[in-house]
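Asks: One structure, as structure tokens, below. Some questions next.
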Amino acid sequence: MFRTAWTIARFKGVPVRLHVSLLLIVPVIALSVAGRDLPTLLARWGVAPQALRLGPVAFGLLMALALLVAVTLHELGHAVVALRQGARVKGITLMVLGGVTEIEHEDARPGQELAMAFAGPAVNLVLFGLAWAVARAPGLPLDAYVFLQMFGVLNLFLAGFNLIPAFPLDGGRMLRAALRWRMGRAAATQRAATIARVLAIAGGLLGLMHGMPMLSLVALLVFMAAGGEAARVTLGPQLSGLKALQAMSTQLVNVYPHTELAGVARHLLMSGATAAVVRRPGEILGVLLPNDLRGEPPNRLAGSLLEGPPLQVDDTADLADVVEAIQRQRRPAMVFDERNALVGVVTLDLLRRAADLRRLTEGLQAAADRLEGGPVDPR
Ligand SMILES: [Zn+2]
């Protein structure tokens, strides 16, 4: 399989990954700075390009790397605040339109969510302030002055862009956190997603009218991401009435806590199982999905990936409740029968599949009802 991200560093145990899209965008940004932004800025200041010691391409490359640093610090800002609040940070991925910090803190209070979301743009505002202040130091070489000016503006842009209240941008998350003071989490997410879609449509049209394809592209991505987030929180109602045993996978393999992840991966591969159950004789410790192994060193032990007590549900539990538990704890549910034996595992993917299948069967049912005279049968 083609790898799309590489782990380049670890911060307090959190893997920092570099997405392949960044490798493509760095030269694009470097050339755009060298060919357009830098000459424009110098012309505005009345400075001849020859006055700079660095050539325009070298300067552009430096600026592109500085952008990478600014984006990384932005994401670390999210991660630091999240970790302080006791959240689990699964990883940071740096990609073309900024970064993504995967935070698992579904039961965060609105104030905590607000702080976590604001931490990223706050870092950029601080960097802007620092660059602005240092640029005014006396006796600064011209190259450093120009670099700091551009770096400052860049951070101001990053802060401003991320503060747009369009889910899933940071501003959208802050908006949802604020809405949660007045309504439930699901309702707040719906409202924030609706606002994001409206803003995305406006942004997309603006981009088309003014010939700014990047803006239209970003708007499209925001539109799709907002829909995805809204769909995630509405899974519950679509599944109510179904039981855990109707969505679970019974294809499991057993591994020991001291099994290396390479061994876990091989067990999963050879058996075609959905999940690996980590157990000691007489005790079930938790469950690992293929996704959990991604990006981890192959010699890490299975037991070390488990955190907290495993999530357990009865096979007759209503799937709406199971969805909630899985989304809140961000881990798959182990399903036990009435004799307290492990019979299967329910994952978010399996729940989505169950919701899709149910929609289809309801479509079939409606069609059958129409053929038989419909649900308004006068008898
Ligand atoms: Zn952010």
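The values are calculated or read from the model by the stated rules, or taken from the named source; none is laboratory data. All figures in this text were calculated on a predicted structure; none of them were measured in a lab. Backbone-built Cβ (ideal geometry, glycine too); neighbour counts: all protein chains shown.
Asks: Given the options Glu104, Glu75, name the one that is within 15 Å of the ligand (Cβ to nearest atom) and in contact with a strand residue (DSSP E or B) (Cβ under 6 Å, 6 or more places away or on another chain).
Replies: Glu75
Asks: So which helices (runs of 4 or more DSSP H) stay within the stretch 173-242 end to end and still have 1 or more residues that are under 17 Å from the mean Cα position of the chain (by Cα) and surrounded by 14 or more Cβ atoms within 10 Å (Cβ to Cβ)?
Replies: Numbers: elements: 185-209, 213-233, 235-239.
Result: 185-209, 213-233.
Asks: A follow-up question, please. What number of residues within the stretch 247-264 are of a type outside the set (A, V, I, L, M) and in contact (Cβ under 8 Å) with a residue 60 or more places away in the chain?
Replies: First pass over the stretch 247-264, keeping only residues of a type outside the set (A, V, I, L, M): 249-251, 254, 256-260, 263.
Next cut, in contact (Cβ under 8 Å) with a residue 60 or more places away in the chain only: 249-250.
Total satisfying the criteria: 2.
Asks: Now, a different point. For the structure I just gave you, tell me whether Phe128 is assigned to a helix (DSSP H, G or I), within 16 Å of the ligand (Cβ to nearest atom) and not assigned by TED's automatic domain parsing to the domain that holds Ile201. Break it down stepwise before answering.
Replies: Details: assigned to a helix (DSSP H, G or I): yes; within 16 Å of the ligand (Cβ to nearest atom): yes; not assigned by TED's automatic domain parsing to the domain that holds Ile201: yes.
Yes: the conditions hold for Phe128.
Asks: Which residue, of Met214, Met183, Met174, is outside the structural domain of Pro281 (by TED's automatic domain parsing) and within 21 Å of His78 (Cβ to Cβ)? Lay out the reasoning, then the answer.
Replies: Details: Met214 fails: within 21 Å of His78 (Cβ to Cβ); Met183 fails: within 21 Å of His78 (Cβ to Cβ).
Result: Met174 is the single residue among Met214, Met183, Met174 that is outside the structural domain of Pro281 (by TED's automatic domain parsing) and within 21 Å of His78 (Cβ to Cβ).
Asks: Okay, moving on. Condition test on Leu38, is it in contact with a Leu (Cβ under 7 Å, 6 or more places away or on another chain), surrounded by 17 or more Cβ atoms within 10 Å (Cβ to Cβ) and either free of Cβ contacts under 8 Å to residues at least 60 places away in the same chain or assigned by TED's automatic domain parsing to the domain that holds Met95 (or both)? Before you say what the answer is, go through the steps one by one.
Replies: Working: in contact with a Leu (Cβ under 7 Å, 6 or more places away or on another chain): no; surrounded by 17 or more Cβ atoms within 10 Å (Cβ to Cβ): yes; either free of Cβ contacts under 8 Å to residues at least 60 places away in the same chain or assigned by TED's automatic domain parsing to the domain that holds Met95 (or both): yes.
So Leu38 does not fit the description; no.
Asks: I need the strands (runs of 3 or more DSSP E) fully contained in the stretch 265-352, keeping only those with at least 1 residues that are over 29 Å from Gly13 (Cβ atoms) and free of Cβ contacts under 8 Å to residues at least 60 places away in the same chain. Before you say what the answer is, go through the steps one by one.
Replies: Working: elements: 275-280, 283-288, 311-314, 333-336, 342-346.
The strands (runs of 3 or more DSSP E) meeting that bar are 333-336.
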